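**Student:** Quick one: the structure is below, questions incoming.
The values are calculated or read from the model by the stated rules, or taken from the named source; none is laboratory data. Everything numeric in this text was worked out from a predicted model, so none of it was measured. FYI the Cβ positions are ideal-geometry reconstructions off the backbone, even for glycines, and counts take in every protein chain you see. Ligands, DNA and RNA are excluded from the accessible area calculation, which covers all protein heavy atoms including side chains. Shrake-Rupley method; radii C 1.70, N 1.55, O 1.52, S 1.80 Å.
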Amino acid sequence: MPMRRSEGLDMRDTNRPGQTGPDSLDPLKATGHLLRRANQRFVALWSGAMPGGLTTPQLAVLALLADEHPLDQQTIGERGGFDKSTCGYLIDRMDSAGLVHAAVDPANRRRKLVHLTPEGRSALNEALPVKRQVEDAMTASLTQSERTELNRLLAKMLTLQGDGSAP
């Protein structure tokens with residue numbers, strides 16, 4: 001659904017001939033296009049390197065559960081930035097693969113508690129160094145300071161209204 005003027009877009013035409021950067025008329029230099037291309041490159045690097053086909057959302061769930069488990073599915077969704085249906089599908093797939101064990105909370109039958117399995121911990125331990133290698137390859141042309149700044153700016157882009165919540 002397209003954004004409206006009231007949703008934060010400045011509809012004034014700031015494009016000027018010869019301009020480069022985010023206001024350029026060149027769609028190949030547009031922020032969205034560059035983000036899409038960067039994501040395509042990252043996915044290609046990740047898919048080619050990650051053992052067992054582990055996805056970035058699955059790695060995020062494993063990391064969350066390694067820090068604290070069990071966690072309920074809603075908390076995993078909130079902390080991982082997943083919507084309710086995506087999180088449910090993700091947990092179901094990971095449960096089927098033996099990476100996590102999900103079961104109804106006996107104290108509250110409306111909640112599903114998710115536990116990290118030994119296979120999940122092993123997958124996490126195997127994936128973390130590969131994750132670092134993929135990120136290093138993706139950002140090889142950046143200095144450490146630029147990498148830190150990139151992560152800061154991406155996190156800032158994902159926050160809404162400065163309250164720390166992300167879509």
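**Student:** Solvent-accessible area of PHE42, probe 1.4 Å, all protein chains present, reported in Å² to the nearest ten, please.
**Tutor:** 50 Å²
**Student:** State, to one decimal in nm, how far the label point of ALA97 lies from the label point of THR31, with both points 7 Å from Cα in the Cβ direction.
**Tutor:** Once both label points are built, they end up 3.2 nm from each other.
**Student:** For ASP72, what residues show an amide H to amide H distance below 5 Å, using hydrogens built from the backbone and excluding near sequence neighbours?
**Tutor:** VAL114
**Student:** Moving on to the next point. Please report, as a whole percent, how much of the solvent-accessible surface of region 83-130 comes from carbon and sulfur atoms (probe radius 1.4 Å).
**Tutor:** Result for region 83-130: 54 percent of the exposed heavy-atom area is carbon or sulfur.
**Student:** Do you know the Lys pair count in region 24-167 for C-alpha distances under 26 Å, with sequence separation 8 or more or different chains?
**Tutor:** Qualifying lysine pairs in region 24-167: 5.
**Student:** Compare the peptides 70-80, 30-40 by average per-residue count of other Cβ atoms within 10 angstrom and give them in order, highest first.
**Tutor:** Ranking the peptides 70-80, 30-40 by packing returns 70-80, 30-40.
**Student:** Can you give the local net charge around GLU119? Use residues other than it whose beta-carbon is closer than 12 angstrom to its beta-carbon, Lys and Arg +1, Asp and Glu -1.
**Tutor:** That works out to -1.
**Student:** Classify region 40-167 as rounded, prolate or oblate from the Cα gyration tensor: take a ≥ b ≥ c as the square roots of its eigenvalues, call it rounded if a/c is under 1.5, otherwise prolate when a/b beats b/c and oblate if not.
**Tutor:** oblate
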